[in-house]
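The block underneath contains the structure these notes are about, expressed in structure tokens.
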Amino acid sequence: MGPKRSVAALLGLVLFVGGCASVHDATGTATQRDFADLREEFQALSANIQRAQRQAQSSVDRIDQRTQSDIAETRNLLRALGTRLERVESHVNTLATRVEEINQRVDGVRRPRTQPPVTSAVPPAGSPIAPGPSVGVPTPAPPPAGPAGPASPSPRPATGALQPQDVYQMAYLDFSKGSYPLAIEGFREFIRRFPRDDHADDAQYWIGESHLALARSYERDQPERATEELKIAVREFRKVIANYPRGEKVPTALYREALTLLELKQTAQARSSLQYLVDNFPRAEEAPLARERLTALPR
């Protein structure tokens, strides 16, 4: 019985060891599989992180590029604004001189009417000469208005003496003071009276700017009226292009029309105006600004 029991115990030990080995093998296989799965998940996560980093860097690059473009555009706008301010200052100085001359001219026309009659050895034009030895001149023909006839009226009203530049500069003075309705009326009167003058396109352009300024004044309290003024400004800017295609203000009018169309959310029409400006006036001051705007517009 002793040997048989020993053999049975040995066989049991072998089976036990064999069973443990099988469990160990199964456990080891499961662990390697889990590790492989974790490795795949880690690799996928790493790939996603790298992809997200690339996308974030690309977004940062685009934002930086757009920021640089906006900065460049702002600088160009500031330079253009500085140039225009210098022109405005020059116009205002010239205008002040012209207004002073006009005032002096008007005073000169009105003064003879308010002064009392002046006693003179030579009677006014058209009056009979009293007989007597002290008067040794014949009866003169009526002379033209001048110092010899202080009581004679002016040959034409004061407004008729105004030259084209006088009418234009008075309208521009109203614009510079913020009296936009008066400026619009003055510029329209200038165009009506002097349609072929060199400044006719400028006058038409400033009508558009006046309506644009009116739109700004209505934005806060009367948005609907502001929108209407923007639409009128677009029409007035287009008149510069239609009526004065060779005028110096055409590129500026095109650019301002495009910006106003953008405010009205009419992107397609704004793009068309900007493209027309770039294609037909590549050397104009507004051409670089138009190119930058075209680049920034959504496709």
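In table form, for the structure just shown:
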read-out	value
Filter result (within 20 Å of I241 (Cβ to Cβ), in contact (Cβ under 8 Å) with a residue 24 or more places away in the chain and surrounded by 22 or more Cβ atoms within 10 Å (Cβ to Cβ)) within region 169-198	I184, F190
Some residue of region 184-194 being assigned to a loop (DSSP other than H, G, I, E, B), modelled with pLDDT of 95 or more, more than 27 Å from L261 (Cβ to Cβ) and assigned by TED's automatic domain parsing to the domain that holds I241	yes
Conditions (1) assigned to a helix (DSSP H, G or I); (2) over 15 Å from the mean Cα position of the chain (by Cα); (3) under 23 Å from I184 (Cα atoms); number of the one not met by V234	(2)
Selection status of V240, buried (at least 22 other Cβ atoms within 10 Å of the Cβ) and β-branched (V, I, T)	yes
Residue under evaluation T295, criteria (1) under 16 Å from the mean Cα position of the chain (by Cα); (2) under 26 Å from G82 (Cβ atoms), criterion not met	(1)
Candidates T260, T252 - the one that is in contact with a Leu (Cβ under 9 Å, 6 or more places away or on another chain) and farther than 19 Å from S69 by Cα	T260
Residue check, A213 part of a helix (DSSP H, G or I), aliphatic (A, V, I, L, M), without any contact (Cβ under 8 Å) to a residue 24 or more places away in the chain and surrounded by 14 or more Cβ atoms within 10 Å (Cβ to Cβ)	no
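The values are calculated or read from the model by the stated rules, or taken from the named source; none is laboratory data. These figures come from a predicted structure and were not determined experimentally. FYI the Cβ positions are ideal-geometry reconstructions off the backbone, even for glycines, and counts take in every protein chain you see.
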